[in-house]
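Single-structure report; data block below.
Bear in mind these aren't lab numbers, they're just calculated from the coordinates by the rules spelled out. Here the structure is a predicted model, which is why all the values come from computation and not from measurement. Quick reminder, even Gly has a Cβ in these numbers, built from the backbone with ideal geometry, and neighbours come from all protein chains shown.
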Amino acid sequence: MAEAIAATIKAPVFAITSSQPSVVENFDMLILGTPVEGFRPAKEAADFVKRLPKAEGKKAILFCTCKLWKGSTFKILEKELSSKGYSVVLSVSKKGIKLDKPTDFSDCINKIQEALKK
Ligand SMILES: Cc1cc2nc3c(=O)[nH]c(=O)nc-3n(C[C@H](O)[C@H](O)[C@H](O)COP(=O)(O)O)c2cc1C
């Protein structure tokens, strides 16, 4: 999903597992995503957000992929981000991910593009 978003809005992609959280300092907008695992963000995503530098009103968009239900995924990430001074302007989830079939992310990507215009 990250690759699909990046290709549409022409933004670079950074893998959470191999990037330093300080990379966000080079950008005005953070778009961060995670698969849902046990109704929560993946541990790698939650850890990355905990290690992000503080920001003063930097905008953030969250996205997640899940099979059935996102549970507390956004609540957990939104709480951590706002405590660090980020402003989450949109959270979008893509439900019904089937690992053996390609997924159409266009509904989520359209919402992200709308949010970026504001
Ligand atoms: C350990 C584990 C826990 C998961 N927990 C949930 C869950 O709580 N809710 C849900 O809808 N999907 C759950 N899933 C399904 C994943 O969210 C789904 O396969 C994933 O979003 C696909 O992401 P990817 O395209 O990045 O591989 C879980 C998958 C794994 C492996």
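Can you tell which of 11, 55, 46 shows the greatest fluctuation in a Gaussian network model of the chain with Cα springs below 10 Å?
Of 11, 55, 46, the Gaussian network model singles out 11 as fluctuating most.
Filter 79/101; 58/98; 54/101; 58/101; 70/101 down to the pairs with a C-alpha to C-alpha distance above 31 Å, please. Intermediate values should be presented prior to the final figure.
On the way: 79/101 33 Å; 58/98 33 Å; 54/101 38 Å; 58/101 35 Å; 70/101 20 Å.
Check vs 31 Å cut-off fails for 79/101; 58/98; 54/101; 58/101.
Which one of 115, 2, 39 is farthest out on the positive end of the charge dipole of the chain, using unit charges on Cβ (Lys, Arg +1; Asp, Glu -1) and the Cα centre as origin?
The residue sitting farthest along the positive end of the dipole is 39.
For residue 94, list the aspartates and glutamates whose Cα falls under 18 Å from its own Cα; do not include residues on the same chain fewer than 8 positions away.
3, 37, 78, 104, 107, 114
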